[in-house]
Amino acid sequence: KQEVTQIPAALSVPEGENLVLNCSFTDSAIYNLQWFRQDPGKGLTSLLLIQSSQREQTSGRLNASLDKSSGRSTLYIAASQPGDSATYLCAVSFSNYQLIWGAGTKLIIKP
Amino acid sequence: NAGVTQTPKFRVLKTGQSMTLLCAQDMNHEYMYWYRQDPGMGLRLIHYSVGEGTTAKGEVPDGYNVSRLKKQNFLLGLESAAPSQTSVYFCASSYSRVTYEQYFGPGTRLTVT
């Protein structure tokens, strides 16, 4: 069964720290992997999309990496800010056209 | 552009009642999706559509029906609501099923008592 796991479920760090969120998946045959941000009571915002042929993508203070062979992706956030507080979701498009979601990591940045 | 919009934002139903959730997108996307999100779980796909007039079942389709009469609209219906359908429902759209990113609406919080 294809599964996507995000650990930890919650993370709290002081403002200014660099941090890494993890996403693991059980099948290396993927099309792409996306990282989303979800703010309370709101929809999801796509942050980064990594195609299966890529190793990483960067947007501002965010960097996402992909290692298909180990079934892992990381989202690196540099110089964290209170405005980064949100739930971060990982979603994987597998080659059988299934899009499977992780349960998310709730991130709290303490001022 | 409004992107993806959903109506209503909140709804409370009694068991057995019916309702329709409306999703609209103005990005000319072919693909549209309905998900539900429950606490501690990832999003689960209910139904999706690959174009006007088409629909297909996702991971958890039971108890729901959908229609895509116009390219920009995707409707999700609950014919006889059950407490197990209490959830937050998200609509999304994209250019293609797997290659392009999905754009999400703000969600509908549904409570069935």
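The values are calculated or read from the model by the stated rules, or taken from the named source; none is laboratory data. Quick caveat, the model's predicted, so the values are computed rather than measured. Cβ sites come from the backbone with ideal geometry, for glycine too, and all protein chains shown count toward neighbours. Keep in mind that these areas ignore ligands, DNA and RNA; they rest on the heavy atoms of the full protein, side chains included. Shrake-Rupley method; radii C 1.70, N 1.55, O 1.52, S 1.80 Å.
So the values come out like this:
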quantity	calculated
Strands (runs of 3 or more DSSP E) contained in the range B:21-113 and holding at least 1 residues surrounded by fewer than 22 Cβ atoms within 10 Å (Cβ to Cβ) and within 13 Å of another protein chain (Cβ to nearest Cβ)	B:31-37, B:44-49, B:87-94, B:108-112
Residue in the range A:19-51 that is modelled with the lowest pLDDT, counting only those that are in contact with a Phe, Trp or Tyr (Cβ under 7 Å, 6 or more places away or on another chain) and surrounded by fewer than 16 Cβ atoms within 10 Å (Cβ to Cβ)	A:Ala29
So A:Gln57, is it outside any loop (DSSP other than H, G, I, E, B), without any contact (Cβ under 8 Å) to a residue 12 or more places away in the chain and under 19 Å from B:Tyr103 (Cα atoms)	yes
Matching strands (runs of 3 or more DSSP E) fully within the range A:63-111 where at least 2 residues are open to solvent by 20 Å² or more (accessible area, probe 1.4 Å)	A:72-77, A:99-101, A:105-110
A:Ser73 more than 9 Å from chain B (Cβ to nearest Cβ), in contact (Cβ under 8 Å) with a residue 24 or more places away in the chain and not aliphatic (A, V, I, L, M)	yes
